[in-house]
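Below: the structure, in structure tokens.
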């Protein structure tokens, strides 16, 4: 069976199965607010290896993603299906942000919070900038693609949706959590402020 590695964990997939369905079935950390309709983008992921085993970019992805994100390997898991044996390796946006946040809360030995705060803030800033560049046509084109009813109420099976949310939440809650340091890192406040200023300059240049 095809193999997909989501957030460093390998899962079996059915031929033609969407990455979102593999993730939901196994409780992998991924978003799916719109129930896989290609509206909310919370199932974003980055393909690290094996892109040749996936289907081509969908219309929904062309609507939401600027060329820079497409070139970076970003996909919507709800629009991405297995077309080969794999393995395919992806990192979901939800997990990437989680890992970046945990590194800020408790930096790995030999690093500072500021070193990890900057890429987190840049990631968030880039997400917002990419959306603003395409707004409002991304929303208008999505509305035209799915129709008014689905755009306003995308959920097909609320019971399954809640079950999958509970499964993912349970898996994430069971993941290792960092221990907060009892004392702040030396100069941490100044480092955090400096990192925030660098991110602000980056946003102003975009």
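The values are calculated or read from the model by the stated rules, or taken from the named source; none is laboratory data. Every value quoted in this text rests on a predicted model; they were computed, and no experiment measured them. With ideal geometry, Cβ positions are generated from the backbone for all residues, glycine too; neighbour counts draw on all protein chains shown.
Number of residues in region 80-102 that are touching a helix residue (DSSP H, G or I) at 6+ places or on another chain (Cβ under 6 Å) and either buried (at least 23 other Cβ atoms within 10 Å of the Cβ) or more than 17 Å from residue 17 (Cα to Cα) (or both): the value is 3. Within region 29-68, restricting attention to residues that are out of contact with any strand residue (DSSP E or B) (no Cβ under 8 Å at 6 or more places or on another chain) and not in a loop (DSSP other than H, G, I, E, B), the residue that is surrounded by the fewest Cβ atoms within 10 Å (Cβ to Cβ) is 67.
A quick yes/no check of all residues on (1) within 26 Å of residue 151 (Cα to Cα); (2) touching a residue at least 12 places away in the same chain (Cβ under 8 Å); (3) more than 14 Å from the chain's Cα centre (by Cα):
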residue	(1), (2), (3)
12	no, no, yes
22	yes, yes, yes
28	yes, yes, no
31	yes, yes, no
41	yes, yes, no
96	no, yes, no
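From the list 22, 4, the lone residue that is out of contact with any helix residue (DSSP H, G or I) (no Cβ under 6 Å at 6 or more places or on another chain) and either assigned to a helix (DSSP H, G or I) or modelled with pLDDT of 95 or more (or both) is 22. The residues listed here are 181, 188, 112, 169; of these, the one that is surrounded by 10 or more Cβ atoms within 10 Å (Cβ to Cβ), more than 22 Å from the chain's Cα centre (by Cα) and at pLDDT 90 or above is 112.
A search for C-beta distances below 6 Å between a residue of region 137-149 that is touching a residue at least 24 places away in the same chain (Cβ under 8 Å) and any residue that is buried (at least 16 other Cβ atoms within 10 Å of the Cβ) and part of a helix (DSSP H, G or I), counting only pairs 6+ apart in sequence or on different chains, returns 138/63; 138/64; 141/63; 142/63.
Could you check, for region 63-75, whether at least one of its residues is within 13 Å of the chain's Cα centre (by Cα) and closer than 20 Å to residue 155 by Cα? No, there is no match, as no residue in region 63-75 is within 13 Å of the chain's Cα centre (by Cα) and closer than 20 Å to residue 155 by Cα.
Conditions tested, residue by residue: (1) modelled with pLDDT under 95; (2) over 30 Å from residue 65 (Cβ atoms); (3) under 18 Å from the mean Cα position of the chain (by Cα).
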| position | (1), (2), (3) |
| --- | --- |
| 127 | yes, no, yes |
| 141 | no, no, no |
| 152 | no, no, no |
| 164 | no, no, yes |
| 195 | yes, no, no |
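Evaluation of residue 119 against the conditions (1) touching a helix residue (DSSP H, G or I) at 6+ places or on another chain (Cβ under 8 Å); (2) surrounded by fewer than 17 Cβ atoms within 10 Å (Cβ to Cβ); (3) modelled with pLDDT of 95 or more shows that the sole unmet condition is (3).
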